[in-house]
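Report on the structure given below.
The values are calculated or read from the model by the stated rules, or taken from the named source; none is laboratory data. Since this is a predicted model, take the numbers as computed values, not measurements. Using ideal geometry, Cβ is built from the backbone for each residue, glycine included, and neighbour counts are taken over all protein chains shown. Ligands, DNA and RNA are stripped out before the accessible areas are found, and what is left, the full protein with its side chains, is counted by its heavy atoms. Shrake-Rupley method; radii C 1.70, N 1.55, O 1.52, S 1.80 Å.
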Amino acid sequence: MKENIILCGFMGSGKTSIGKLLAKATGKKFIDLDDFIEEQAGMRVTEIFAAYGENGFRKMEREAVRSVAGTEGLIIASGGGTVLFQGNVKALHRTGGKILLLNVPLRLLQMRLKNDKKRPLLQVPNRKQVIAELYKRRIPLYKAVSDIVIPAAAPPKKVVKRIIEVLEIPEISGKEKKTDDRK
Ligand code: S3P
């Protein structure tokens, strides 16, 4: 499968950890969009928000999407806000990419994000409520742009298995992995 697989979903839905495992299981290259932005900017996401605001971050995110969307055969973990912008969705679809929504219930996300320190949008006193409001607003948008919705409350390994089954991607066997390592 040459097309990219793009993981989208709310903050804390497991895009990065599931993306990494999925890349390992399928032998594809993994790109985390936030990491890519940080590398390009030479700054952490929190620093980008502090220096340039959310708009500045979204501009960098847009550029990052344009850069990675041109390459084929990638597993891409998007940021929680990436696919809320139609231009980004278009760019990600251009190379035949499939967008997968990692669907995690609100309560579980609120638990996972309870002590988060690195997401600028959540550094607010009424975090639980902010998460609920953002979730309510975003879920329909995520669903609208996704090609497939993956229930993702289970542990990452199980979710990866589910994705591999749904997309019918060939897994690389242990033997092939070893051969690849020696290259
Ligand atoms: C954001 C999610 C973050 C990051 C930025 C904005 C969002 O990514 O891109 O803080 O708008 O939901 P994660 O979903 O990987 O936390």
> What do you reckon, how do K28, K2 stack up by accessible area (1.4 Å probe), largest on top?
Replying inline: K2, K28
>> Using +1 at the C-beta of Lys and Arg and -1 at the C-beta of Asp and Glu, which of L167, S13, V89 has the Cα lying farthest in the positive direction of the dipole of the chain?
In response: S13
> If one computes the Cα centroid of segment 1-59 and of segment 66-82, what distance in Å separates the two points?
Replying inline: 8
> Counting only residues 5 or more places away or on other chains, whose amide H sits under 5 Å from the amide H of D32 once H atoms are built in the peptide plane?
Replying inline: A77
> Roughly how tilted is helix 45-69, in degrees to the nearest 10 and between 0 and 90, from the longest Cα axis of the chain?
Replying inline: 30
> Regarding the chain, what whole-number volume in Å³ per residue does the convex hull of its Cα atoms give?
Replying inline: 122
> Here are some pairs, K114/K161; K59/K90; K114/K157; K15/K158; K59/K114; K2/K24; which of them have Cα atoms lying more than 18 Å apart in this structure?
Replying inline: K114/K161; K114/K157; K59/K114
>> Just to verify a number: what accessible area does E63 come out at with the full protein assembly present, 1.4 Å probe, Å² rounded to tens?
In response: 100
> Across segment 160-169, in residue order, what do the Karplus-derived ³J(HN,Hα) couplings come to in whole Hz, using 6.51 cos²θ - 1.76 cosθ + 1.60 with θ = phi - 60° and x for Gly and Pro?
Replying inline: 4, 4, 4, 4, 4, 5, 5, 8, 6, 8
>> In whole Hz and in residue order, list the ³J(HN,Hα) couplings for segment 114-127 that follow from phi through the Karplus curve 6.51 cos²θ - 1.76 cosθ + 1.60, θ = phi - 60°; x for Gly and Pro.
In response: 3, 10, 4, 10, 10, 9, x, 5, 9, 7, 9, x, 9, 3
> Which aspartates and glutamates, on any chain, are close to K28 with Cα under 19 Å apart, when same-chain ones fewer than 8 places away are left out?
Replying inline: E3, E72, E165, E168, E171, E176, D180, D181
> Picking from T16, T26, T82, which is most flexible by a Gaussian network model of the chain using Cα springs under 10 Å?
Replying inline: T26
>> Can you compute the helix-only [θ] at 222 nm over the chain? Use -39500 (n - 2.57) per DSSP H run of at least 4 residues, normalise by all residues, nearest 500 deg cm²/dmol.
In response: -17500 deg cm²/dmol
>> Given Cβ point charges of +1 (Lys, Arg) and -1 (Asp, Glu) and nothing else, what value in debye, to the nearest 20, does the dipole of segment 5-165 about its Cα centre take?
In response: 600
>> Students often check this: by mean Cβ neighbours within 10 Å, which of 65-75, 138-148 ranks highest, and how do the rest follow?
In response: 65-75, 138-148
